[in-house]
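Structure record follows, encoded as structure tokens.
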Amino acid sequence: PSRTHWRLRSSRRNLGTMSAPELPITPPAKRDDNVAAPEWSSVAPVPEGKAIYLETRRGEKVLARIDISKKSFVVIGRHAQYAQVLSLHDTISRQHTLVAYNAEKACWFVADLSSAHGTKLDGVRLKPFKASQLLPESAFKLGGSTRSYLITTLEAGQEIEGDTPEPVVKKRRVETARASHILVKHAGSRRPQSWRQEGLIARTKEEAEQELIDYSKQILDDNSNFASLARDFSDCSSAKRGGDLGVFGRGKMQPAFEKATFALAIGERSGVIESDSGLHIILRTG
């Protein structure tokens, strides 16, 4: 059947990605929230008798083809709670990549959702929460997976159910981790005191959460200023070490903090996490 691919031309590598248009994706306010539909997204027009598919390939072999004709955006990831298209490769985050259509530009865009191992377009890693244009014939890859994804228009009824998923690598249970954090306490914290001020902390939990969200917006994509922000704003005594808590084993931290830390990949940052001590942003470093 006749087809139109959205596959990146090799000229992008020569021209660079800076000149290509980018559109913003709003990060989830909390780590456990689903990413929302981009405000600029809409359902793509579909020619009569055709359908738009998200196609998965290994090399030239088509492994799966999912009809997305009625969707303004799709999330790809490893967890069904967050992603409409699943990929179980062990380097793929639970909500890893988003593709969305923009009517003004009349084309599809792809964005990395601050995944641990990134999304690559023509071998170039995308910036988190910045949607890049998919030029005709363009394809993208997630994490360390060898599979590629592209948007294609074909005759209706050309769906292909996914073949055997990529194997999930069984890992030994990790017993230690290293992390840094920014802690903002509130009046309901177990110990509502801070080295940053005298007396008891009076802020509400809602005010503490908004402070953390504001701090998270200042953190650079590579987390290079995380330690500086922790030194300036964290209510934990670890602030003098840039928020570094060192190496700790299971059972050493409060349950909510431990669970969130061990769920992160090394180099990945959490959203707002609540514990008895207050509210945290956690950066796993080891």
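What number comes out for the charge environment of ALA208, summing +1 per Lys or Arg and -1 per Asp or Glu over other residues with Cβ under 10 Å away? Here the charged neighbours net out to -3. Per residue, the chain exposes 52 Å² of solvent-accessible protein surface, assessed with a 1.4 angstrom probe and all protein chains in place. Using C-alpha pairs under 8 Å with a sequence gap of at least 6, the mean separation divided by the residue count of the stretch 21-165 gives a relative contact order of 27 percent. For the stretch 247-265, backbone nitrogen atoms closer than 19 Å to the point 7 Å from THR176 Cα along Cα-to-C-beta are found at 247-254, 258-259, 261-265. Counting protein heavy atoms only, the chain has 50 percent of its accessible area on carbon and sulfur, 1.4 angstrom probe. With K and R counted +1 and D and E -1, the other residues having a Cβ less than 14 Å from that of ARG196 yield a net charge of +1. Place +1 on the Cβ of every Lys and Arg and -1 on the Cβ of every Asp and Glu in the chain, take the dipole about the Cα centre, and give the residue among THR97, GLN133, PRO255 whose Cα lies farthest towards its positive end. In the chain, that residue is PRO255.
The stretch 38-88 and the stretch 195-209 have Cα centres lying 45 Å from one another.
The values are calculated or read from the model by the stated rules, or taken from the named source; none is laboratory data. Owing to the predicted nature of the structure, the values given are computational and were not obtained by experimental measurement. So basically every Cβ, Gly included, is an ideal-geometry build from the backbone, and we count neighbours across all protein chains shown. All accessible areas refer to the heavy atoms of the entire protein, side chains included, with ligands and DNA or RNA removed. Shrake-Rupley method; radii C 1.70, N 1.55, O 1.52, S 1.80 Å.
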